[in-house]
Amino acid sequence: QRYAASSVKTYTNALAKFLWAFSDKNLAHLTLEDFSNFLIKLQSQQKISSAYQRQIIASIDKFYQLFYNRKLDLSALYPKRKAKPLPKYLTTEEVRRLLEKCKNLKHLCVLKILYGCGLRVSEVVALKIEDIDSSAMRLLVRNAKGQKDRVVPLPKSLLENLRRYYKIYRPKTYLFEGQKKARYSVKSVQEATKKYALEAQIKKKVTPHMLRHSYATHQLENGVNIRHIQELLGHNSIKTTEIYTQISKVSKEKIANPLDQL
């Protein structure tokens, strides 16, 4: 069905929990009560999130459709309310400190693309040399989430870094190559991000995706139109992008506080 590799992995891992729990049962004869008890046990023992509960139910539903040609009604097992935590982000000062601590040119280019272009980490490691258009100062993101392509602006300072990087590393196909694999791994980017965040003494638990959140937040703070940010991030719905308005001072700075007016 052409799911992304990350989606396939998520469904597989979620389904594995179910198959393991019922390894001694006849799966064809399980009831809604069996499914319910399984989820209750996961909630109590592993403290699974509502989002992960949804993934497990969806994987079970798909499994029964494909293997037993049976449509389950698991609607009663879905969480009634979907948690909507605000995106975690870095301040501009924290981003500056993070980049200053990065002395590895390859890692610096990766971090600058994450923050300067607002890419997902999976999109960064999938970049190819041909996706960098220096004459038009833009970067092509191919087959992103939802199997869509999009174009984002290429910062001038990043282009200078990329040119130096290319002269030293001479990548062949993918922009960022691994030591043993054709392209750099997501895990390597995650570990590098964590390392430099610790060195920069940033108290938050920093991930590559936080740099994408930071990009969106700072763009809003700079007054960039939210519709434009939606296109740059590759969001299908404007509602997904609107969550950044809740943490952006742009939407709040004009609101007078009654305490200050006393």
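The values are calculated or read from the model by the stated rules, or taken from the named source; none is laboratory data. Since the structure is predicted, the reported quantities are computational estimates derived from the model, not experimental observations. Virtual Cβ from ideal backbone geometry, glycine too; neighbours counted across all protein chains shown. To get the accessible areas, we keep the full protein, side chains included, count just its heavy atoms, and leave off ligands, DNA and RNA. Shrake-Rupley method; radii C 1.70, N 1.55, O 1.52, S 1.80 Å.
Per-structure values
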| item | result |
| --- | --- |
| Accessible area (Å², per residue) of the chain, counting only protein heavy atoms and a probe of 1.4 Å | 64 |
| Two-decimal Rg/Rh across the range 72-111, once Rg and the Kirkwood Rh are taken from alpha-carbon atoms | 1.42 |
| If the convex hull is drawn through the Cα atoms of the range 111-262, its volume per residue in Å³ | 146 |
| Relative counts (whole %) of C-alpha pair distances in the chain, using bins that are 10 Å wide | 6, 23, 28, 22, 15, 5, 0 |
| 222 nm mean residue ellipticity, helices alone, for the chain (DSSP H n ≥ 4; -39,500 (n - 2.57); rounded to 500) | -16000 deg cm²/dmol |
| Angle between the chain longest axis and helix 186-199 axis [Cα atoms, degrees, rounded to 10] | 60 |
| Radius, Kirkwood style, for the range 53-154 when every pair of distinct Cα atoms is counted (Å) | 17.5 |
| Rounded Å value of the spacing that divides the Cα centres of the range 185-210 and the range 35-87 | 30 |
| Share of alpha-carbon pairs per 5 Å distance bin for the range 1-53, given as whole % | 4, 16, 25, 24, 17, 12, 3 |
| Nearest-ten-degree value, helix 5-21 long axis tilted from longest Cα axis of the chain | 30 |
| In Å, descending, principal axis extents of the Cα set of the range 174-234 | 42, 31, 12 |
| Of the GluC sites (Glu not before Pro) in the range 1-99, those whose Cβ has at most 15 other Cβ within 10 Å and which sit in DSSP loop | none |
| Per principal axis, descending, Cα span of the range 154-207 in whole Å | 37, 30, 18 |
| Rotationally averaged projected area of the range 41-90 (alpha carbon convex hull; nm²) | 5.1 |
| Qualifying trypsin sites (Lys or Arg not before Pro) for the range 64-158 [loop in DSSP, other Cβ within 10 Å: at most 10] | K71, K80, R81, K82, K103 |
| Accessible carbon and sulfur surface of the range 104-151 relative to its total accessible area, %, 1.4 Å | 47 |
